[in-house]
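Below is one structure, written out as structure tokens; the observations come after it.
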Amino acid sequence: MPRQIITGQKIADHVKRLGDLYPPIPLDTVDRTVHNPEAVKQRYGHVLDYLARVELEVDRNVLELLVLLPDVDETNRMFYADVWQPQEIQHGLILDRLQQDLDMPAAEPHLEVSSKIKLLGALAHFEPIQSVAKLLYYLTGASTERQAVLAYNQLNEGLNEMGERAIAETIIHPIKQQEPGHFAFYQMSATAMVQAGELKPWQLFLARVLREKSYGLVGTNGMDRYKADMGAVIMNLGMEDELADYAREIGRVESRLLWANKEGMEVPTYILKALHESVDLYTEREARKAG
Ligand SMILES: [Fe+2]
Ligand SMILES: [Fe+2]
């Protein structure tokens, strides 16, 4: 496939277009009619809670961005401040309202910036490290947004199957439409850095090492309890038998940009490992509860 050159202008245009096309979804435009609340809660309660929490954690993600990229440029600023944060926070508020309609407790977002990010942020004042941090930030964004797209696709399909048209069409569908634009932003931004040769070989090497050591699935925040919760999401969405395909999907950008020349890295092994770890932690937790 011929590779297009991604310019800064192209990324800036993309961000402007996203802002014009997709204003944040107002809470009062959604129809929260649920025909069978018990069935929805049973099948997707946990998924809704997980997604609501992760979406509401966008405010921490913004703080992390500012820690990691102290010299953030106008396109990045416009993306997170005018497009991404306003859209994601509405996703969170709407999903959280829906789960409370289902008599579930409100989401509890984890809003504390981790010490790992603070450390990388301190190092990022050193310009060559900031480039590495920036690439890792984009790769994280690409992988997590792809996970969001896949989760909302599954959820949308499942809710339609259950005949829950109102919430599928007025909540999940509009949210789902906004996620691919986020993915594209991160994907284009990471690609542009590598295409322009912004990183020297030692910086790419460092990016590979750090990525392998620090990869986390969306919303797991490096903590076992969230990893186990993510395992439950994978099971509830019926994706546990397709972990390798799923890993390939959510790792496509980094396998192309970081590992293209490395044998056998079509599916980044650390991503597949993270998926198995989540499912295992969930299964163990359930077994402990049962025993
Ligand atoms: Fe979102
Ligand atoms: Fe998103």
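Since every read-out is calculated from the coordinates, none of them should be taken as a lab result. As the structure is a computational prediction, the values presented were derived from the model and not from experiment. Methodologically, a virtual Cβ is constructed for each residue, glycine included, from the backbone with ideal geometry; neighbour enumeration extends over all protein chains shown.
Using C-alpha pairs below 8 Å separated by at least 6 residues, the relative contact order for the chain is 22 percent. Computed about its Cα centre, the charge dipole of the chain is approximately 880 debye, with only Lys, Arg, Asp and Glu carrying charge at their Cβ. May I ask you to list the residues of region 1-28 whose amide nitrogen lies under 13 Å from a point 7 Å from Cα along the Cα→beta-carbon direction of Met78? Flagged as within label range: 8-21.
What ranking do 50-62, 191-203, 156-168, 133-145 get when scored by the average of other Cβ atoms within 10 Å per residue, highest first? Numbers along the way, then the final one.
Details: 50-62: 21.5, 191-203: 14.2, 156-168: 17.2, 133-145: 23.3.
Ranked from most to least packed, the peptides come out as 133-145, 50-62, 156-168, 191-203.
Since only Met235, Ala122, Ala142 are under comparison, the one whose Cα sits farthest along the positive direction of the charge dipole of the chain, derived from C-beta charges on Lys, Arg, Asp and Glu, is Ala122.
Only lysines eight or more places from Lys200 in sequence, or on another chain, were considered; those with a Cα closer than 23 Å are Lys134, Lys213, Lys262. Straight Cα distances below 14 angstrom link Lys41 to the aspartates and glutamates Asp49, Asp96, Asp101, Asp103, Glu164, with same-chain residues fewer than 8 positions distant left out. In this label model, His276 and Lys289 are separated by 2.5 nm, measuring between points 7 Å along each Cα→Cβ vector. The alpha-carbon of Lys118 sits under 15 angstrom from the alpha-carbons of these aspartates and glutamates, leaving out residues fewer than 8 places away in its chain: Glu64.
So what are the chain's ellipsoid semi-axes, whole angstrom, largest first, if each one is the square root of 5 times an eigenvalue of the alpha-carbon gyration tensor?
Details: eigenvalues 194, 103, 63 Å².
So the equivalent ellipsoid measures 31, 23, 18 Å along its semi-axes.
Applying a length cut-off of 30 Å (Cα extent along the axis) and a mean Kyte-Doolittle floor of 1.0 to the DSSP H helices of the chain leaves no helix. Between Arg208 and Ala106, the modelled label-to-label distance comes to 4.7 nm, taking each label 7 Å out from Cα in the direction of the beta carbon.
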